[in-house]
Every structure is written in C-alpha cells, then in structure tokens.
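The values are calculated or read from the model by the stated rules, or taken from the named source; none is laboratory data. Remember, predicted model here, so these are calculated numbers, not experimental data. Reconstructed Cβ throughout: ideal geometry from the backbone, glycine too, with neighbour counts over all protein chains shown.
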Amino acid sequence: MRAGRPLVRVVRLGLVPYQEAVRLQQLYVERHRSGPAHALLLCQHPAVYTTGLRQHPYPGPLLDRLRLLGADVHRTNRGGLITFHGPGQLVCYPVLHLGSFTKSVRWYVSELERTVISVCSRFGVVASTSPHTGVWVADNKICAIGIHCGRYVTSHGLALNCNTDMSWFDHVVPCGIVGKGVTSLSAELQRDVGVDEAVPHLLDAFRDRFNCRLADEDAML
C-alpha cells in the first residue's frame, strides 16, 4: 500500500438505466488518463439481465423470453456469466486505478468480497466466500461480483441484494452456477432492508477495506 490514503469520489446516481451507467463508467475510466481519479458509482437499475465475457451459448429464444418479462438484456465486458440487476439491489461500480492500492486483480476482487462480508456482518448476517466469486450466505448468493480491469483501471463491480424482487432470478441460472440459490438482506433478516439503509454501511466498509478517504461528487451527466 502506498503512503497516504487515496481519495475516492462517491457518485450517487440513483435509479439509472444500465447502458447509461456503462457510459458514465467509461467517462470516469477516461479521467484516469491524466492521473488517479478514483470514483465509486452507486446506483440501482431498472430490470436488466447482463451477460459477461465468459460467453455462454445463450439461445435467442431465452433472451427474447427475458425481454418479454419486461427486462432489458445486455452483453458486457465484465467477468462472469448471466445475472440480474433491478430495483432493490445496491449496485456499486468502483472505478479505481489499482496503482494507488495494490496492483493485483485477485487482491481487488478479494477486497470487494471482504467489503460485502463486512456489510452483511453489520446487519448481523453471516456471509462468506466460496470457490465461486461473490458473497454467499450458506448456499445462497447475496452479492454478485463481476469486474473489468484494463491497464489497472477497474470498472463494473458488485450488486448486493437488499430488498430485490427475487423472482427475477427464477428465469436464469444466476452467474451460471447450477444448484445454488440467491438471497437478500431482507430475506435473511425477515424485514425490509432498502438500498438507502445499506449504502452507509457499504461506504464505511469500503473505506476500511481499501484504506481510503471518501468524498461526495456530482455525477458527470
């Protein structure tokens, strides 16, 4: 870890279409060309299914059926297979230059997992890692993680289920992992836990795990 704590700007996007979030991430990625410009983009998405770089032969009829449910479908350049994003899910896109932290993608993904485990712990939910990427409560995934890293600049990130409508996951095999389920903070605690309640815990845990300073910033719209 380099001396001094890097400054990370927190950008609160609210409910934003997936493609718009991708566009904004790219703007923040490009800011790193002139020096470290770390940002943490927080948002929710209208219902959308996304597929990752590990291309799976998703048949056209499946994708058409997903669209008929009222969801968008997009292919991305993140790692992983198909997953769902929607309202009630806290999506966090860190756009960091790992040169200011540790130049290791494996370290970075591990720290994202540990950040979410800490968030769950603050709610009294016991979560852990597994051989599969992401954060789990027993055999149920509570947070999906899929990232992209180019020239040590990260994009994409994590999606923590807060009070998501879990029925959206019934139409796919989330992240391509057969025999596993999904869960949320609300399901585990048997009470409604919204995104707004989870955000402060995520920011505190991120600050602790990444040993950084956080400051709010207006979005680059």
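Pairs please, first residue from segment 33-53 and assigned to a strand (DSSP E or B), second anywhere and modelled with pLDDT of 90 or more and of a type in the set (D, E, K, R), Cβ atoms under 8 Å, 6+ apart in sequence or on different chains.
Here the result reads 39/9; 39/31; 40/9; 42/12; 43/12; 48/72; 49/72, each pair linking segment 33-53 to a residue that is modelled with pLDDT of 90 or more and of a type in the set (D, E, K, R).
With (1) at pLDDT 95 or above; (2) within 15 Å of the chain's Cα centre (by Cα) as the list, and residue 152 as the residue in question, which single condition is left unmet?
(2)
Say whether the condition of being within 17 Å of the chain's Cα centre (by Cα), at pLDDT below 95 and assigned to a loop (DSSP other than H, G, I, E, B) is met by at least one residue in segment 4-12. Walk me through it before giving the result.
Here is the first cut: in segment 4-12, the residues within 17 Å of the chain's Cα centre (by Cα) are 8-12.
If we keep only those that are at pLDDT below 95 too, we end up with none.
No, that holds for no residue.
Please specify each residue of segment 60-111 satisfying the condition of being in a helix (DSSP H, G or I), surrounded by 18 or more Cβ atoms within 10 Å (Cβ to Cβ) and over 14 Å from the mean Cα position of the chain (by Cα).
Within segment 60-111, 66, 100 qualify.
Give just the number: which of (1) in contact with a Leu (Cβ under 9 Å, 6 or more places away or on another chain); (2) among the aromatic types (Phe, Trp, Tyr); (3) in a strand (DSSP E or B) does residue 136 not satisfy?
(1)
Name every residue in segment 65-86 that is of a type in the set (S, T, N, Q) and farther than 22 Å from residue 162 by Cβ, in order of residue number.
77
Cβ-Cβ below 7 Å, separation at least six or inter-chain, first residue in segment 178-202 and on the phi < 0 side of the Ramachandran plot, second of a type in the set (Ser, Thr, Tyr): which pairs?
184/164; 192/186; 193/186
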